[in-house]
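Participant: One structure is given below, represented as structure tokens, and several questions about it will come after.
What follows draws every value from the coordinates through simple rules; no lab data is involved. Because the structure is a prediction, the values reported are computed rather than measured. Using ideal geometry, Cβ is built from the backbone for each residue, glycine included, and neighbour counts are taken over all protein chains shown.
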Ligand SMILES: NC(=O)c1ccc[n+]([C@@H]2O[C@H](COP(=O)([O-])OP(=O)(O)OC[C@H]3O[C@@H](n4cnc5c(N)ncnc54)[C@H](O)[C@@H]3O)[C@@H](O)[C@H]2O)c1
């Protein structure tokens, strides 16, 4: 079987814990190269995961004809340029969220990906978490509109670049997009309106911008999804939780590890996974399969653009204090 050779762009904390481990375990993939602007980071990742080489030279990696797929996990202000360069070099792409920090850049990425006919997946893994897939299976039998709540609270070390508008773009754009995608995957109708309310909850030395908000999305079928994004959170409390209500059915998922479903069977159903699973493994496997079999990749350009666009509308709403209407054609790429 042909194996897909992977080059990693950015060898930092998250990709090392998830994408590198998952790529190493996946027989469809071979880890070929590690690139990072910090040589020591690329070198230690190459040693740990058995890559053929490490480099700080992006052009070396992108001109390596052996590499089929690049996995980009770098600070958010670099995603647009790296994706466009990778697409122009003919590489398939898994890029971590957010797609980009501006809508203009999202459109430019989409153009480059389409022009070069490469596969593109954005790292909105939550919709592929096993318990979310279990919830969706049950919800398929309930045609009623949905009311959904998702909490994403987090603790940040002082000065983390996420809260720097130039580098991270802030949590609403850079992490909210994950959840705006998740809500939109749980509702079988397009989003039509976004309203957000929030402010900076962290002290100024920890955050240079608005960092926390409650964002509500209304869907064309009357469903409503709300996301609580708290940055002044606590690391001992579970980061995420999802509650879904539809026509006398209820599903509650705690941190992608425990689920209770009520109203689907006579007795309440309880599922507990051996460990938190947010869907990273399945996401990479589906992308590998899409490359090998020339199929549509998971979390493709259209899905990437939908949640990115919602995140920019949320920022607009935070600024204006008003709800922002949207339609499918606004975020078509
Ligand atoms: N999908 C998820 O669940 C999830 C969770 C956490 C983080 N992430 C995303 O992963 C990405 C990386 O986050 P992290 O927490 O690992 O950050 P990090 O700071 O730990 O790692 C980033 C790495 O990128 C390197 N880097 C910076 N600029 C670069 C460039 N131009 N080219 C190559 N390398 C460069 C840095 O030296 C660093 O090693 C971000 O997009 C983040 O949003 C996703």
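Participant: Contour minus end-to-end for residue 2 and residue 21, with contour as 0.36 nm per residue of separation and end-to-end as the Cα-Cα distance?
Facilitator: Computed gain between residue 2 and residue 21 is 4.9 nm.
Participant: Kindly list the residues of region 56-98 that lie in the label zone of residue 167, defined by a backbone N under 20 Å from the point 7 Å along the Cα-to-C-beta vector.
Facilitator: Of the residues in region 56-98, 56-58, 72-83, 96-98 have backbone N under 20 Å from the label point off residue 167.
Participant: Here's something else I'd like to know. Given points 7 Å out from each Cα along the Cα-Cβ axis, report the residue 330 to residue 52 separation in nanometres with one decimal.
Facilitator: Result for the modelled spin labels: 4.6 nm.
Participant: For region 182-318, just the Cα atoms, rotate onto the principal axes and tell me the three extents in Å, largest first.
Facilitator: Cα extents, longest axis first: 45, 42, 34 Å.
Participant: Would you calculate a helix-derived [θ] at 222 nm for the chain, using -39,500 (n - 2.57) for each DSSP H run of n ≥ 4 and dividing by the full residue count, to the nearest 500?
Facilitator: -10000 deg cm²/dmol
Participant: Further, regarding this structure: Relative contact order (percent) for region 41-170, with alpha-carbon contacts under 8 angstrom and 6 or more residues of separation?
Facilitator: Here the relative contact order equals 20 percent.
Participant: To continue, here is another question. For region 57-84 and region 306-333, what is the centre-to-centre distance using only Cα atoms, to the nearest Å?
Facilitator: Distance between centres, Cα-based: 28 Å.
Participant: How long are the three semi-axes of the equivalent ellipsoid of region 254-333, in whole Å, if each is the root of 5 times an eigenvalue of the C-alpha gyration tensor, listed from largest down?
Facilitator: Equivalent-ellipsoid dimensions as semi-axes: 31, 24, 13 Å.
Participant: Shifting gears a bit: Give the percent of DSSP beta bridges with both residues in the chain that are antiparallel, rounded to the nearest 5.
Facilitator: 60
Participant: Let me check against my output: what whole-number percent is the relative contact order of region 139-295, with C-alpha pairs under 8 Å and at least 6 apart?
Facilitator: Relative contact order here is 25 percent.
Participant: Further question on the same structure: If you count, for each residue, the other Cβ atoms within 10 Å and average over each peptide, how do 252-264, 69-81, 199-211, 320-332 line up from highest to lowest?
Facilitator: The most tightly packed comes first, giving 69-81, 252-264, 199-211, 320-332.
Participant: In whole Å, what are the Cα extents of region 122-189 along the three principal axes, biggest one first?
Facilitator: Principal extents (Cα only, largest first): 46, 22, 21 Å.
Participant: Using 1/(1 + (r/R0)^6) with R0 = 51 angstrom and r between the beta carbons of residue 59 and residue 220, what's the FRET efficiency to the nearest 0.05?
Facilitator: Here the calculated transfer efficiency is 0.65.
Participant: Still on this structure, I have one more. Compute the distribution of all C-alpha to C-alpha distances in region 43-121, in bins of 5 Å from 0, and list the percent of pairs in each, rounded to whole numbers.
Facilitator: Once binned at 5 Å, the Cα pair distances of region 43-121 give 3, 16, 25, 26, 17, 9, 4, 1.
Participant: Also, quick follow-up: Among 124, 155, 195, which one moves the most in a GNM of the chain with springs linking Cα atoms closer than 10 Å?
Facilitator: 155
Participant: Label region 224-280 by shape, choosing from rounded, prolate and oblate, from the square roots a ≥ b ≥ c of the eigenvalues of the Cα gyration tensor; if a/c is under 1.5 it is rounded, and otherwise prolate applies when a/b is larger than b/c, oblate when it is not.
Facilitator: Taking the square roots of the gyration eigenvalues as a ≥ b ≥ c, region 224-280 is oblate.
Participant: Over all alpha-carbon pairs in region 137-238, figure out the percentage whose distance exceeds 16 Å.
Facilitator: 58
Participant: Report the calculated FRET efficiency for residue 267 and residue 37 (r = Cβ-Cβ distance, R0 = 45 Å), to the nearest 0.05.
Facilitator: Efficiency computed from Cβ-Cβ geometry: 0.25.
Participant: Report the rotationally averaged projected area of the chain based on its alpha-carbon convex hull, in square nanometres.
Facilitator: The number I arrive at for the chain is 17.0 nm².
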